[in-house]
Every structure is written in structure tokens, then in C-alpha cells.
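Quick notes on the structure that follows.
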Amino acid sequence: MIPDACRSAIRCRYPRLAVGAAVLLIPVAVLAMGQFPGDDSGVIAYKTTAPTDAVARLQKQIDAGTVKLTFDPQHGYLPSVLQALDIPPASQGLVFSKTSLQVDHIAPWTPRAIYFNDEVYVGWVQGGPIMEVASADPKLGAVFYTLDQRPSADPQFKRRFTTCLQCHDSSSSTGGVPGFIMRSTFVDRLGYPVSTLVPQTTDQTPLSQRWGGWYVTGTTGPLLYPGNITAPVAAHDIDDPARSLAQIKLGPNVNLTSLTGLVDTRPYLRPTSDVVALMVLAHQTYVHDLITIAGYQTRKALYDEQLQEIMNGSKPAGGGHLPSTTVQIDGIGEQLVRAMLFVHEAPFDGPIQGNSRFAVDFMSRGPRDRQGRSLRDFDLKTRLFKYPLSYLIYSDSFNALPDIVKEYVYRRLRQVLTGEDRNPDFDSLSAADRQAILQILDETKPDFAAMGRVTTAMPARP
């Protein structure tokens, strides 16, 4: 929404703008009130808006004395924070590339541990002075915090901006919004990046290109990938990174059920870096960012439309939205639909199996329909999930999307799942897949069901 003060200023400054002039001057007006997306004009106001994410809520509980964090001599506040935020320790992934804020404490022999649930990501390093936390805020997207790793009677999650956003707000990795990144990087023997294999890992990233700079445990069949390896020399001695990577034999470094011989895991909460957790992490960070982009772009499009209404002194004919508004919102909505339906998901070379409790814990958390089915059920034979529609459709961030883009997503999902849309891009969904996902949604997502149930039988695939 446009603040009243801004409305008055626009009317006073541009009382007689022609339609063409209004379109040309809108960017000037927006810039005068603050840059987008991290502006303070009232559209997003990233820096000045108080977050309402899970970490912000936890801090309020700590301040009120209803939750107390306990300091552990070995791990600091890590175990207590994970418990307070309901983050399973089995989600642990170990990343040894020096691509974090605390690079001086990260190396192949002291990797950073990442823990996560549907909303929050926690980073912990051995001997690090801080714990790094990133949380999905329903409106703001990724919000970043640090927590000092020393005993305190009043522990405080401190919100961070530039130190985190310089990497986590980029057009190449997060789509130009505050977001989450899972990167695959070829590193040297000290952990310094030699080359980026994948700037942002998604469901579409071939598995053979994932997990560079990460430790990986679990079995993946014949699949070869660049996890668990480093270049044998320092980065400054490598002239051709691609050639150096090609010369490394990947076979001995895959299908590891133990990291013995590679790293001492005793300082960590778990001895694993579970491959299934890493695959879920790639999906989740990608879709989290797309949800944020959808929220930002939709709010910005509606804001611009209101500016034009004020400058033109009239609303669009018929009381609807401007074609430019609809095109923008439908475009990002379609991108989100396709990501949530795992369109062009990278194929599996064989069955994948983790070696921790992550899969069991993850599947136990989702809502189930009357037949006991859940969007959190794994397949792990030919694809990640048995019913390929993202479980983030239940998230606070998705639920907080503006109605216009959320309704677009729901409408498109129903078109695809009923078989009305037979675009070949959705061919990975069989008729049985579509029917099962539709039934799960209708029984577990009330606002989706409210848009109209499908009572006719699912048409067979031609």
C-alpha cells in the first residue's frame, strides 16, 4: 500500500500528468521514496520493518523469560537453540568451503555445520565467536541474525544487514531479494574456492554437479559427484580449475556411510552429513527464494499500479488490474508453480539413501490426508518426493503471499492436477500423481479446497 503522505506528495507534485508522462516518471517517484526491494517506502521496508519470523518470536520469549537458552561448554548455545526452534540435529550438513562469514574457522578439517527445519537455518563452526542464523520471514524473506557464543544472562539474536546481504541479496544467487544460498564449489586443500560449480543448487541441478565443498554421507548408487573432495594443491597454484577437477578420481569419495579418514566428526552433534538432508536443503532454499520474489514483485506491482491510479486520477477500466500488473504477477506466479511441482527435476541415477534419522523425522512432521499420504513422503528411487508438490505450500511465507499471486498459484495447480493443462513440461506427473496430490491438497489445505473441489474423475493421460 502507498502511505497517505506519499499519496498527497504525488498529487501535489504531479497534478496534471498525462498517461505517458506518468509511466515515465513512476521510477523517479519510487526512487525518491527509497530503493526497492530493500527500501523504506512502505512496499517492503526491509531494514525498518520488525521481523515476525521464528527467531524474532523466540527472542521475545527469551526477553519475557518464558524460554531460557542453556550454554554448553563444547557447542555453545547450539543444542539449546536447535531445541527451542524445533530443528532436528539429524538435518546436519557439513560444508568445508570457506564461503561463510567465519572463514578463518572453516577448513576441510573443521567444516561448518548447517542445521535446518522448514523455516530456519543455523550455522555453527568450531571455535567460532558467533552462531549464524537465517530465518524465513513471511513478508521480508530471509532475515539474518548472529548469536554470540559466550555465556550470557541475556542472550540476544542480533539482526544483521550488510555483512550478510552482500552475498545473500544477489541477482545471480537469490533473484535480487534477501534469500538463502546453497552453492557447489570446487575448493583447494585449505578450503578456499577454486571455482564455483553451481552458484545456486536447485532441484534442476544435475546431481553430478552438487555438493562441491560439502561432505556427503549416504548411498547414491553409481552416481559420481564432487562432494568429499578437495584439490591437492592451494588455489593460487591452480591454473585450470576445470582440468584440475577432471583429473580427480571421484569414485572413492562417494557412497560413504562414514567420514572416518576425511574429518574428525566427534566435535559435532552427529557424525553424518546426510545426502537426503542435503537434497531437501537444495529444494527448500530455492523455493523459499521464489516465494520471497513472488511476494516482493507482487507487492511492488500493486504499488506501482496505485501510483499510476493516483497520477492518472482513475482506476483501470472494469475495476480490475492493469495488464502490466497482471503480466508481472502471473509471470512470477508461474515460475513458483513450476518450482513447486518439481518441473525438470534432475533425474536420479539410482536409489538414494541417507544414513541418519533425517528422513524419518522429516516425514513425521507433515499433515496427512485420510489415506495417510503426505507431501513430505520421500520416494528416493527415481525422484526426491513420492508426491512431487513442495511441502512449503504449508509454510507461513507462502500463506502470507498477497492473495492475487496465491490465487494464481492455486488456480494453476488445479489446472495441472486435474489434467486441464496438458503442457509437456508437466509430463513427469502421471495421472495417479496428479490425483493423489490434488486429494492431499483438498484435505490438508483448506484455502486451496475453498477455491473449488474437483468431483469428476481424473482423465487418463493420452
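The values are calculated or read from the model by the stated rules, or taken from the named source; none is laboratory data. These numbers come from a predicted model, not from an experiment. So basically every Cβ, Gly included, is an ideal-geometry build from the backbone, and we count neighbours across all protein chains shown.
Within 30 Å of Gln61 (Cβ to Cβ), touching a Pro at 6+ places or on another chain (Cβ under 9 Å) and crowded, with 20+ Cβ neighbours inside 10 Å: which single residue out of Val133, Val177, Val187 fits that description? Working first, answer last.
On the way: Val133 fails: touching a Pro at 6+ places or on another chain (Cβ under 9 Å); Val187 fails: within 30 Å of Gln61 (Cβ to Cβ).
Selected residue: Val177, the only one of Val133, Val177, Val187 that is within 30 Å of Gln61 (Cβ to Cβ), touching a Pro at 6+ places or on another chain (Cβ under 9 Å) and crowded, with 20+ Cβ neighbours inside 10 Å.
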May I ask you to say which residue of Tyr303, Tyr296 is under 17 Å from the mean Cα position of the chain (by Cα) and crowded, with 17+ Cβ neighbours inside 10 Å?
Tyr296
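Yes/no matrix, rows are residues, columns are (1) within 23 Å of Lys47 (Cβ to Cβ); (2) modelled with pLDDT under 90; (3) touching a Ser or Thr at 6+ places or on another chain (Cβ under 9 Å); (4) not assigned by TED's automatic domain parsing to the domain that holds Leu384:
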| site | (1), (2), (3), (4) |
| --- | --- |
| Thr146 | yes, no, yes, yes |
| Gln149 | no, no, no, yes |
| Phe161 | yes, yes, no, yes |
| His168 | yes, yes, yes, yes |
| Ser184 | no, no, yes, yes |
| Gln209 | no, no, yes, yes |
| Gly218 | no, no, yes, yes |
For region 251-261, state whether one or more residues are in contact with a Phe, Trp or Tyr (Cβ under 7 Å, 6 or more places away or on another chain), more than 25 Å from Thr382 (Cβ to Cβ), in the same structural domain as Val143 (by TED's automatic domain parsing) and at pLDDT 95 or above.
yes
If you go through Tyr268, Tyr286, Tyr296, the only one that is closer than 30 Å to Thr110 by Cα, part of a helix (DSSP H, G or I) and either not assigned by TED's automatic domain parsing to the domain that holds Ser184 or not aliphatic (A, V, I, L, M) (or both) is Tyr286
In region 150-199, what count of residues is obtained for those that are farther than 18 Å from Leu278 by Cβ, assigned to a strand (DSSP E or B) and small (Gly, Ala, Ser)?
1
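Considering only residues that are among the polar types (S, T, N, Q) and at pLDDT 85 or above, look in region 307-337 and name the one that is nearest to Val416 (Cα to Cα). Explain how you work it out, then say what you get.
If we filter region 307-337 for residues that are among the polar types (S, T, N, Q), which is where we start, we get 308, 312, 314, 324-326, 328, 335.
This time we only want the ones that are at pLDDT 85 or above, so: 324-326, 328, 335.
Numbers: Ser324: 25, Thr325: 24, Thr326: 20, Gln328: 21, Gln335: 14 Å.
My answer is Gln335.
Could you say which residue among Ser390, Ser364 is under 28 Å from Val55 (Cα atoms), touching a Phe, Trp or Tyr at 6+ places or on another chain (Cβ under 8 Å) and of a type in the set (Ser, Thr, Tyr)?
Values: Ser364 fails: touching a Phe, Trp or Tyr at 6+ places or on another chain (Cβ under 8 Å).
Being under 28 Å from Val55 (Cα atoms), touching a Phe, Trp or Tyr at 6+ places or on another chain (Cβ under 8 Å) and of a type in the set (Ser, Thr, Tyr) holds for just one of Ser390, Ser364, which is Ser390.
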Run Arg376 past the list (1) within 17 Å of Leu281 (Cα to Cα); (2) surrounded by 22 or more Cβ atoms within 10 Å (Cβ to Cβ) and report the number of the one that doesn't hold.
(2)
Tally the residues that are part of a loop (DSSP other than H, G, I, E, B), in contact (Cβ under 8 Å) with a residue 24 or more places away in the chain and either surrounded by 14 or more Cβ atoms within 10 Å (Cβ to Cβ) or touching a Phe, Trp or Tyr at 6+ places or on another chain (Cβ under 7 Å) (or both), restricting the search to region 315-359.
13
